[in-house]
Amino acid sequence: MLKELFVNLTILMSFLFLYHQLFRQGLYAVKRNRLNQLLVGILAGLLGIILMLFSIRINDTTLIDLRHIPILLVTIFGGWIPMMVSSLIIVCIRFLLGIGLSTFLNVLFIVGSGLAFYYISKKIDHIWWLTATALFVSNVIFSVVMFLSIPINSIYRELLIIYWFISFVSGFIAVYMNNYLRKTNQLFKEYRRNSYTDSLTGLNNVRSFDIAINQLQQKAKKKNQHVSLMIMDIDFFKHINDTYGHPEGDTILRGVAHELQELAGKDDVVSRNGGEEFTIIAPAKSHQEAMVLAEKVRSNMEQNVFYIKDGLQELTITLSIGVATYPEQAEEINDLYHKADEALYEAKHTGRNRVCGYRKG
């Protein structure tokens, strides 16, 4: 029996692991996506069938299985649609195996357990109290079903003790494993997102900036398109940090990021490359068009009012912006950053709060 229990637990763990690997990208909105709910229900139903095939032998005439555990999992984590789908699949397969009293009792157990799981999941939020209550009710239903099929004797009592033990152990292990894998995959997604996104502003970070430049290099050459780059610094940002503190400086950075996203075109790539430096990659914009956009950004920032100190104090800032365009000022797109940075240097050293385009020579 312990050997067969181990096999069943191994099947459960393996299935959960594979599921979380294969469907990693769509796991966290199951309750809001009907297609995902349907898919989860089908997979749970298939897992229930597999667990039926690997039943645990109690004695020469009695078998039990863990078909209710997948239904419990999808009800807790997916809602009523996957619960209904998985239950229906298991019930249909049970009818295909033969029709008799035991069939209808099994259907009663599956349907009753599924409905109980769903009702309890709506009443209890704490996952472990939910799991314990759901398993308890399901085991009670199983006990009633067994009472209707076999008389109360030593075999009946032995069967119930073993089943309650196996059901609770398997249920808690399955819920723990599923919850652990969900959290692990969620952390993986956050780490992956943070590796390409600036955590403070939500803009692309320097890694995303490099990827965008490299992708545009091939596309622009192939289609003979312009690519413009604007590099901008917040003027005297160190003074802001020193005077008002870094938390207020972060408020300014987030505000600038928001304004840049509002002003940039739908195909433009806005990034924070570090510190107070921001960039806008403008595909298909000529140098003149990029200069117009840069001046619009500069003018908007100069006129904008930022609120710091919990909204109690107003602050204005200015930007210095350097602009370079492929192929006018740079023969290679990878040279754009160097050229735009030279233009930014000129803007800073000729008075700040201005836009300068790269000039050869």
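The values are calculated or read from the model by the stated rules, or taken from the named source; none is laboratory data. Not measured: the values here are computed from a predicted model. Reconstructed Cβ throughout: ideal geometry from the backbone, glycine too, with neighbour counts over all protein chains shown. Accessible surface is based on the protein model in full, side chains and every heavy atom, while ligands, DNA and RNA are left aside. Shrake-Rupley method; radii C 1.70, N 1.55, O 1.52, S 1.80 Å.
General observations
- Among the residues of the range 221-247, those identified as open to solvent by 30 Å² or more (accessible area, probe 1.4 Å) and at negative phi are Lys221, Lys222, Lys223, Gln225, His226, Lys238, His239, Asp242, Thr243, Tyr244, His246, Pro247.
- Residue that is most open to solvent (accessible area, probe 1.4 Å) [pool: residues in the range 191-220 that are touching an Asp or Glu at 6+ places or on another chain (Cβ under 9 Å) and in a helix (DSSP H, G or I)]: Val206
- Pairs, first under 15 Å from Glu314 (Cα atoms) in the range 245-256, second open to solvent by less than 20 Å² (accessible area, probe 1.4 Å) and β-branched (Val, Ile, Thr), C-beta under 6 Å, six or more apart: Glu248/Ile308; Gly249/Ile240; Thr251/Ile308
- Verdict on Ala264 being in contact (Cβ under 8 Å) with a residue 12 or more places away in the chain and under 16 Å from Asn204 (Cα atoms): yes
- Residues (farther than 26 Å from Arg193 by Cα and of a type outside the set (A, V, I, L, M, F, W, C)) located in the range 206-227: Lys221, Lys222, Lys223, Asn224, Gln225, His226
- As a summary of the residue check, Leu66 satisfies the conditions (1) closer than 20 Å to Ser143 by Cα; (2) in contact with a helix residue (DSSP H, G or I) (Cβ under 8 Å, 6 or more places away or on another chain); (3) in a helix (DSSP H, G or I); (4) aliphatic (A, V, I, L, M) except for the one numbered (3).
- Number of the exception - Thr103 against (1) at pLDDT below 85; (2) open to solvent by less than 70 Å² (accessible area, probe 1.4 Å); (3) not in a helix (DSSP H, G or I): (3)
- Residue check for Leu181: modelled with pLDDT under 90, open to solvent by 60 Å² or more (accessible area, probe 1.4 Å) and either within 30 Å of Gly78 (Cβ to Cβ) or outside any helix (DSSP H, G or I) (or both): no
- Here Leu315, Leu336 are screened, and the one residue that is at pLDDT below 95, crowded, with 22+ Cβ neighbours inside 10 Å and not basic (Lys, Arg) is Leu336.
- Candidates Ser138, Ser167, filtered to the one that is surrounded by 15 or more Cβ atoms within 10 Å (Cβ to Cβ) and touching a strand residue (DSSP E or B) at 6+ places or on another chain (Cβ under 9 Å): Ser167
- Conditions (1) over 20 Å from Ile76 (Cα atoms); (2) among the basic types (Lys, Arg); (3) surrounded by 13 or more Cβ atoms within 10 Å (Cβ to Cβ): number failed by Arg157: (3)
- When the range 267-308 is filtered for residues that are in contact with a helix residue (DSSP H, G or I) (Cβ under 7 Å, 6 or more places away or on another chain), more than 18 Å from Ala340 (Cβ to Cβ) and open to solvent by 30 Å² or more (accessible area, probe 1.4 Å), the ones remaining, listed by number, are Asn300, Asn304.
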